[in-house]
Each structure stands twice: as structure tokens, then as C-alpha cells.
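Peer 1: My questions will all concern the structure given below.
Every number here is computed from the coordinates shown, using simple stated rules; none is lab data. Keep in mind it's a predicted model, so treat the numbers as computed, not measured. FYI the Cβ positions are ideal-geometry reconstructions off the backbone, even for glycines, and counts take in every protein chain you see.
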Amino acid sequence: MNWMLLPYRRYFEFSGRSRRKEYWMFALFGFLVNLAITVLFGRTAYTTMGWSVGINTQLNGVGDAISGLFALVNFIPSLSVWVRRLHDIDRSAWWILLIFLPILGWFALLVFMCLDGTRGPNRYGPDPKNPYEVDVFR
């Protein structure tokens, strides 16, 4: 649970590095909260399009408000953990702009979030897996 909430404690911290575990546990937390909001306040809707039937969930007024509030509260921590995650793989935060490139940009960011961080300190700070390790012969 600590890893899920760590980005909230580091709310406006855009410097430094974050491990994969911190990023993915935070993403899991956001998914679970959205799932809970949908289960509690959503209703199932069936849509037909030609010969196929689609099932989706629509939120009512209270569910929309809670979901919107959660998204608003979650925006800055999500952005900051993305930046720190990119720093961990020794990439600039400007790579986040790939989000505006549909499909290919999203896939590239997904790959970046899955990559292991650089070993030892890099230009963005010490290794979050072992912050006390110092490379003397660097």
C-alpha cells in the first residue's frame, strides 16, 4: 500500500527518480479506485451498432462528480510520477509529449514505463533501488 500512495506524498516533486514499482502500483491504485467508482455509481448500458451489441458502463451525476474529482486530484501526482519514471531511465521529461502522438507515442511511453532504470546515479539523481550506492570510479 505504501507504493500506491507514495506519489501523493511526492505530489509536486518533479525532480529525482521513481522505480517501476512506484509507477505501476500507483497506476494499479488509480485503476482500482476507478473500478470501485464504476461499480458503486455506474449502470450498465447496451448499445447496438449494426449487427453487434456493445456493453459499457455509464456513471450517473454523483459518480461523474466523484470520478472527475478523483481525476483532478490525481493529475499532478500522475504527471510527476511519469516525469520521475522517465528520469529513472535517463530520459528528459519532454518525452511525455509523445502522448500527443496517437498509438505509436502511447506504445513508446508504455515501453519506457516498463524499462528498468539506469543502474547507479544518473544526471537526475541517485538510483532509487539503492540510493546509498556511490560509483567512485565514474
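Peer 1: What percent of all Cα-Cα pairs in the chain falls into each 5 Å bin, going from 0 up to the bin containing the maximum distance?
Peer 2: In whole percents, the pair-distance histogram is 2, 9, 15, 17, 16, 14, 11, 7, 5, 3, 1, 1, 0, 0.
Peer 1: Within segment 67-109, find all residues whose amide N lies under 19 Å from a label point positioned 7 Å from the Cα of Tyr11 along Cα-to-beta-carbon.
Peer 2: Answer for this model: 67-84.
Peer 1: Could you tell me the relative contact order of segment 2-114? Use alpha-carbon pairs under 8 Å, at least six residues apart, and round to a whole percent.
Peer 2: 30
Peer 1: If each of Ile103 and Ala71 carries a label point 7 Å out from its Cα toward its Cβ, how far apart are those two points in nm?
Peer 2: Between Ile103 and Ala71, the label points sit 2.4 nm apart.
Peer 1: Also: For segment 1-42, run through the chymotrypsin sites (Phe, Trp or Tyr not before Pro) and keep only the ones in DSSP coil with at most 16 other Cβ atoms within 10 Å of their Cβ.
Peer 2: When the chymotrypsin sites (Phe, Trp or Tyr not before Pro) of segment 1-42 are filtered for loop state and at most 16 Cβ neighbours within 10 Å, Tyr11, Phe12, Phe14 remain.
Peer 1: ³J(HN,Hα) across segment 122-127 via Karplus (A = 6.51, B = -1.76, C = 1.60, θ = phi - 60°), whole Hz, x for Gly/Pro?
Peer 2: Once θ is set to phi - 60°, the couplings for segment 122-127 become 10, 5, 9, x, x, 5 Hz.
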